[in-house]
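The values are calculated or read from the model by the stated rules, or taken from the named source; none is laboratory data. All values reported here derive from a predicted model rather than from experimental measurement. Glycine also receives a Cβ, built like all others from the backbone with ideal geometry; neighbour counts cover every protein chain displayed.
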Amino acid sequence: MKDQIDLVVCAFNEEEMIRSFLEEVKKVVDQITEVDFHFLFVDDGSSDQTIDCLLLAQEADPRIVILELSRNFGHEAALAAGLEAVEGAAAIILDVDLQDPPSLIPLLLNKWREGFDVVNAKRISRSGDSVVKRWTASVYYRMMARLSPKIKIPINVGNFRLISKRVVDVLNSLPEKTRVFRILIPFLGYSTAEVPYRREARRAGHSHYGWSSMTRLAADSITSATVIPLKMAIRVGAFVATVGFAYLVYVIGLALFTSQTVSGWPSIMAVVLFLGGIQLLFLGLLGEYVGTIFVEVKGRPQHLVKKKWVNSGDAKTRS
């Protein structure tokens, strides 16, 4: 009996890419006859014709299953919805923009057959990305490596990877709502291999993962992976207090033992602005942690599936 592999693909306003994506992926998977591939698309509340393009493709290929979310919940939440629907022996997470080359699928499968539960696709080149995005990505991965030393977060590895059903089941069992899978999957500690590749530019359309999304990803990564920044606040506060006390002793010494005077306005403003900036920085950081706690305590679902479209070959059904 053939193993079933589910290709989990999140899409948001990607009407220009659906057809090209399916053509490229099918060229690869249709040549792998020993595996039964299923396409599990998650429409993350698209406002264009993405869902119509997917339904049209499903009419011609009953292997396609579509989860239509009730609104746009974000990429990580959409990915969580897709993983909850995985039924195969393993899942391969792909982006619809084809920057993650489908040609890597056989290599990911080979590593999985060797016994690895997680097979990461590691970017050794990001020539398809802008200079700014490459720089911010480098800062992000190195920052997370420093802030979460107990979790071996692989550098330049996104969500493009294969994970076994065992890992999928564990991920689905986790109670947290704020999820960053590039942090969660390494946290689990299952056997991991890597396959290198070069990341190309998008074939069509434009990225919907802008500055706000990247900032949110970084904030969620920090608050979900480590409390080191909170501990840093104590150290910075102790350092600033020490410097302030030393400066106070210096000023008192000048007043008592010399005829010199310290200019009041510039020194006071410098100290106030410095201390105010430090306080606001750590108040904002504390707010991120409190906000994460707030989301978790409410217990609301991280996504809502509006419809699930399945083509049985005889008739199309939805639930």
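Pull out all pairs, ordered by first then second residue, where Cβ-Cβ is under 8 Å, the residues are six or more apart or on different chains, the first lies in segment 47-63 and is assigned by TED's automatic domain parsing to the domain that holds Ala11, and the second is assigned to a loop (DSSP other than H, G, I, E, B) and surrounded by fewer than 17 Cβ atoms within 10 Å (Cβ to Cβ).
Going by the 8 Å Cβ cut-off, the qualifying pairs are Pro62/Ser312; Pro62/Gly313.
Where residues in segment 40-77 are assigned to a loop (DSSP other than H, G, I, E, B), under 20 Å from the mean Cα position of the chain (by Cα) and among the small types (Gly, Ala, Ser), which of them is nearest to Lys308 (Cα to Cα)? Quick ask: steps written out before the conclusion?
The first filter runs over segment 40-77 and keeps only residues assigned to a loop (DSSP other than H, G, I, E, B), leaving 44-49, 61-63, 70-74.
Of the ones still in play, those that are also under 20 Å from the mean Cα position of the chain (by Cα) are 44-46, 71-74.
From the residues that got through so far, the ones that are among the small types (Gly, Ala, Ser) too are 45-46, 74.
Details: Gly45: 13, Ser46: 15, Gly74: 18 Å.
Per the criteria, the residue is Gly45.
If we scan segment 163-174, do we find a residue that is closer than 25 Å to Lys298 by Cβ, crowded, with 19+ Cβ neighbours inside 10 Å and either over 12 Å from the mean Cα position of the chain (by Cα) or not hydrophobic (A, V, I, L, M, F, W, C) (or both)?
Among the residues of segment 163-174, at least one is closer than 25 Å to Lys298 by Cβ, crowded, with 19+ Cβ neighbours inside 10 Å and either over 12 Å from the mean Cα position of the chain (by Cα) or not hydrophobic (A, V, I, L, M, F, W, C) (or both), which makes the answer yes.
Kindly indicate whether Thr226 is among the hydroxyl-bearing types (Ser, Thr, Tyr), modelled with pLDDT of 85 or more and either buried (at least 18 other Cβ atoms within 10 Å of the Cβ) or not assigned by TED's automatic domain parsing to the domain that holds Leu109 (or both). Write out each step before concluding.
Values: among the hydroxyl-bearing types (Ser, Thr, Tyr): yes; modelled with pLDDT of 85 or more: no; either buried (at least 18 other Cβ atoms within 10 Å of the Cβ) or not assigned by TED's automatic domain parsing to the domain that holds Leu109 (or both): yes.
Answer is no for this residue.
In segment 98-105, is there at least one residue being more than 16 Å from Ile163 (Cβ to Cβ), touching a Gly at 6+ places or on another chain (Cβ under 7 Å) and either part of a loop (DSSP other than H, G, I, E, B) or among the basic types (Lys, Arg) (or both)? Steps first, answer last, please.
Restricting attention to segment 98-105, the residues satisfying the condition of being more than 16 Å from Ile163 (Cβ to Cβ) are 98-99, 101-103.
The next check asks that each one be touching a Gly at 6+ places or on another chain (Cβ under 7 Å); those that pass are 99.
Filter once more, so that each one left must be either part of a loop (DSSP other than H, G, I, E, B) or among the basic types (Lys, Arg) (or both): 99.
Yes, segment 98-105 has at least one match.
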